[in-house]
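Q: Sending over a structure as structure tokens; questions will come in a sec.
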Amino acid sequence: MTIHVAILGSTGYTGAELIRLIEQHPDFMITHLGAHSQAGKKVRDVLPGIAGAVGDLTLAKADAPLADDIQLVFTALPHGAAAESVKKALDVGKKVVDLSADFRHQSPDIYQQAYGLAHPHPHILNNAVYGLSEWARADIANTNLIANPGCYPTSTLMPLIPLLQAKLLDDSAIIVDAKSGTSGAGRTAKTGLLYCEVNEGLSAYGLPRHRHAWEMEEWAGNFGQHPIKVRFVPHLIPMSRGMLTTLHLTGKNTATWHQTLLQAYQHEPFVRILPEGSLPSTKGVVGSNRCDIGLCRLSDTEAVVVSCIDNLLKGASGQAIQNANIMLGLDETSGLSIHAQWP
Ligand SMILES: NC(=O)c1ccc[n+]([C@@H]2O[C@H](COP(=O)([O-])OP(=O)(O)OC[C@H]3O[C@@H](n4cnc5c(N)ncnc54)[C@H](OP(=O)(O)O)[C@@H]3O)[C@@H](O)[C@H]2O)c1
């Protein structure tokens, strides 16, 4: 049976990526596309890459009612704005995948510290499942609300969790040095994202504490069963999409770490552990829902792990569809590619 789908925030980068992926999904059909400043326009007039019948749809206002036959709603809205739309969709019985940060924290206090906002619906936080797909399948299959992880936390948590679970890391702060393409900042115009500001340059931002640091610590602690601290420095690089995260790790028995990663992910379609000493590149993942991980030992107690994702796929819309597939009991890989664009 075809599942009718709404995307709220469909005119942003993650929303547009959801449209592109869902158009190829065998079980999903888009029947509602919501927008904010662009509401009332045709999709194809706002998103030049979207053609066909879906391009002829008219963008609905953000608060337009959702038809009864819509089962699944993706909210790809700015944090703060998403919470209200999520609550409305849940109240009328929809299943929701929220790409924003509004339901990623279990405590409203942590949300307030990270985002500087009082959470408008704290009573829903406990119903949300943090959707790091490979680590939360059973809970994802039993919820109506998925908090889709952030892009930097996804690329950080994927290599970190198996090593924490195996108790191989020591308690020193983990250095997370990450680089993102500019689509990570969304489509809204900002001076720092202008071509002349970004092109042929490289800049760090978000210090002393980027909001994703709280998310990394909370979910590394929960999934890894061990509390951690991160020293997280994000960087903006002049490419449209892609994310490369370098973890500087210390602990014990580094000779076993590669095998630990291999075992954790041996049956996972969207995770590839490279041979020891090989390091991944964003070119190997962009356009796919894959996370590529490489490990290089420095000594018996030190190693560097590099993880690459496409921020708009495994870091956002791809993982959102992977989660929706799990939540609805479908093949987890439906509508998703394991192959990158090449060249
Ligand atoms: N970009 C990434 O790599 C990435 C990765 C992971 C998670 N996320 C998260 O996913 C969400 C969407 O990100 P994005 O990059 O797609 O953002 P974006 O490109 O800035 O798009 C934002 C979307 O939300 C709509 N919108 C803006 N303000 C709104 C408001 N006050 N009320 C209702 N709708 C509003 C916009 O509609 P109009 O165009 O009509 O104004 C647009 O459709 C964010 O919460 C972001 O943090 C993004």
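The values are calculated or read from the model by the stated rules, or taken from the named source; none is laboratory data. A quick note: this is a predicted structure, and the numbers were derived from the prediction, not measured. Cβ placement follows ideal geometry from the backbone for every residue including glycine, while neighbour counts extend to all protein chains displayed.
Q: What is the residue count in region 150-179 for residues that are under 25 Å from L202 (Cβ atoms) and not in a strand (DSSP E or B)? Steps first, please.
A: Filtering region 150-179 down to residues under 25 Å from L202 (Cβ atoms) leaves 150-160, 173-179.
So of that shortlist, the ones also not in a strand (DSSP E or B) come out as 150-160, 173.
The total comes to 12.
Q: Please state which one of H4, H32 is out of contact with any Leu (no Cβ under 7 Å at 6 or more places or on another chain) and either surrounded by 14 or more Cβ atoms within 10 Å (Cβ to Cβ) or under 24 Å from Y111 (Cβ atoms) (or both).
A: Numbers: H32 fails: out of contact with any Leu (no Cβ under 7 Å at 6 or more places or on another chain).
Result of the check over H4, H32: H4.
Q: When the residues of region 161-216 are narrowed to those that are among the polar types (S, T, N, Q) and either more than 16 Å from the ligand (Cβ to nearest atom) or within 17 Å of the chain's Cα centre (by Cα) (or both), which ends up modelled with the lowest pLDDT? Lay out the reasoning, then the answer.
A: Of the residues in region 161-216, the ones among the polar types (S, T, N, Q) are 165, 172, 180, 182-183, 188, 191, 199, 203.
Adding the requirement that they be either more than 16 Å from the ligand (Cβ to nearest atom) or within 17 Å of the chain's Cα centre (by Cα) (or both) leaves 165, 172, 180, 182-183, 199, 203.
Working: Q165: 97, S172: 89, S180: 98, T182: 96, S183: 96, N199: 96, S203: 95.
Restricting to residues being among the polar types (S, T, N, Q) and either more than 16 Å from the ligand (Cβ to nearest atom) or within 17 Å of the chain's Cα centre (by Cα) (or both), the top hit is S172.
Q: Another one. Cβ-Cβ under 6 Å, sequence separation 6+ or interchain: first residue in region 13-28 and at pLDDT 95 or above and hydroxyl-bearing (S, T, Y), partner within 11 Å of the ligand (Cβ to nearest atom) and in a helix (DSSP H, G or I). Which pairs?
A: Pairs that qualify, where the first residue is at pLDDT 95 or above and hydroxyl-bearing (S, T, Y) and the partner is within 11 Å of the ligand (Cβ to nearest atom) and in a helix (DSSP H, G or I), are Y13/S183; T14/A316; T14/S317.
Q: Find the residue count for region 57-96, including only residues that are within 11 Å of the ligand (Cβ to nearest atom), part of a strand (DSSP E or B) and crowded, with 21+ Cβ neighbours inside 10 Å.
A: The total comes to 2.
Q: Can you pull out the strands (runs of 3 or more DSSP E) entirely within region 240-343 that have at least 3 residues that are touching a residue at least 24 places away in the same chain (Cβ under 8 Å)? Spell out how you get there, then give the answer.
A: Details: elements: 243-250, 271-273, 291-297, 302-309.
Result: 243-250, 291-297, 302-309.
Q: Which of the residues belonging to region 41-56 are assigned to a loop (DSSP other than H, G, I, E, B) and over 20 Å from V73 (Cβ atoms)? Write out each step before concluding.
A: Pass one, region 41-56, residues assigned to a loop (DSSP other than H, G, I, E, B): 41, 47-51, 56.
K41, P48, G49, A51, D56, listed by residue number.
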